[in-house]
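Before any comments, here is the structure.
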Amino acid sequence: MAIRYTITNYSCPHCGKVFKTDSWSQVGYLLLIVGTAFLSLSWFLSIAIMRAIFGSSDMPSVGSPFRTCEHCGKKFLSYEHQEWNTLNTSSKKIWSYRLILRVLYALSGFVPLFLLSQFFWGSNHESDRTIALIFLILAIVIVLIIAIAHYFWKQYGQKNEIILNQADFDIVKASLKRTGNDLNMENPPLKIKDSGMIYGVSQQKNIKKSTYTSPQDNEVKSVFDILEHKENSNYGYSVDNPILLSSIPEEYSYLSSLKAKDINKMIIGIDRKGSISNGDGLLDLWEITVIDYNSQRKETIKIYINPYATRSNYSICPKDFKFK
């Protein structure tokens, strides 16, 4: 005899005699248990869903990458946060859209469970089929919510500015102040949702400014001059071709944004070894320790940084690294 689990009794209002009982069959109850266990796997599946639909499942955390040890009081790089100016445009927009994305992550995890519950349609009991219908409606609603959010995400991706609420704007403003960057030079520009205020420069103005070379100022380089470093294999590895940055805060922010280009390698240490002279001024010598997961070998890579340059090549990194 099949095991049944009573969920609702219908009785006579006069004598109280039960004339109808809705219950779950053993199969329905088993599916509920299996479905609940399957829910935990659904969260991992939801990451794949979000990556396929929105192009990324990584939501950066904006803030200082440095932490202070409670024991010794010294600062070190933690990689838990990234400064705003180390993020590319796509990551900046994902960060500003992150609250919606987190809700979608949670909702998408329920979709496989709700679809699994459609096996209840095969039950002979009306209550099982009711549950299947409810879960089917919920699954359709969630898929529609994700589809609508995806549509607005595509529209948002085409905007020339990044839209932030006041609280997020304050976080970005503090990050730019820490790294010595000018809020009014931000590109893409920042727009505050409530007030409509816009800070930064337009894409068109930025291109004109970057490509213009003043005959009175030989220090101003075009975009093409800067991009030549990408083809230079010793960029950052030679005292004659150091990484050009404009301040010490920018130097620390730059280092915290690097990761190994090889997916089998990871940076496990960044140490400053002092300052050296290249004839034109002082350079900072850094040693970056990288471990290869396959061979378990460690290697130390030396890079040279000029943190006092009149212009910054912040968007270019040495050939063995890339930005997070």
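For the reader, a short list of remarks on this structure follows.
- When 270, 134 are sorted by how many other C-beta atoms sit within 10 angstrom of their C-beta, beginning with the fewest, the order is 134, 270.
- Taking a Cβ cut-off of under 9 Å around residue 307, the surrounding Lys, Arg, Asp and Glu residues balance to a net charge of -3, with basic ones at +1 and acidic ones at -1.
- Among the trypsin sites (Lys or Arg not before Pro) in region 84-189, those located in a DSSP loop and surrounded by at most 12 other Cβ atoms within 10 Å of their own Cβ are 159.
- Restricting region 145-190 to chymotrypsin sites (Phe, Trp or Tyr not before Pro) in coil, as DSSP defines it, with at most 10 other Cβ within 10 Å: none
- Sites matching chymotrypsin sites (Phe, Trp or Tyr not before Pro) across region 259-324 that sit in DSSP coil, with at most 14 neighbouring C-beta atoms within 10 Å: 293
- Residue-wise HN-Hα couplings along region 170-184, as the Karplus relation 6.51 cos²θ - 1.76 cosθ + 1.60 with θ = phi - 60° gives them from phi, are 5, 5, 5, 4, 5, 5, 5, 5, 5, 9, x, 9, 7, 4, 6 Hz; Gly and Pro carry x.
- Net charge contributed by nearby residues that have their C-beta within less than 10 Å of residue 120 (K/R +1, D/E -1): 0
- Shape category assigned to region 233-324 from the gyration tensor of Cα positions, a/c cut at 1.5: prolate
- The fewest-to-most ranking of 103, 172, 290, 18 by surrounding Cβ atoms within 10 Å reads 18, 103, 290, 172.
- Residues whose amide H lies under 5 Å from that of residue 243, counting only those 5 or more places away or on a different chain, are 236, 304, 305, 306; hydrogens are built 1.01 Å from N in the peptide plane.
Taken together, the values in this text are just the output of simple stated rules run on the coordinates, not laboratory data. Computed from a predicted model, the values in this text were never measured in an experiment. Here Cβ is always computed from backbone atoms with ideal geometry, including for glycine, and neighbour counts include all displayed protein chains.
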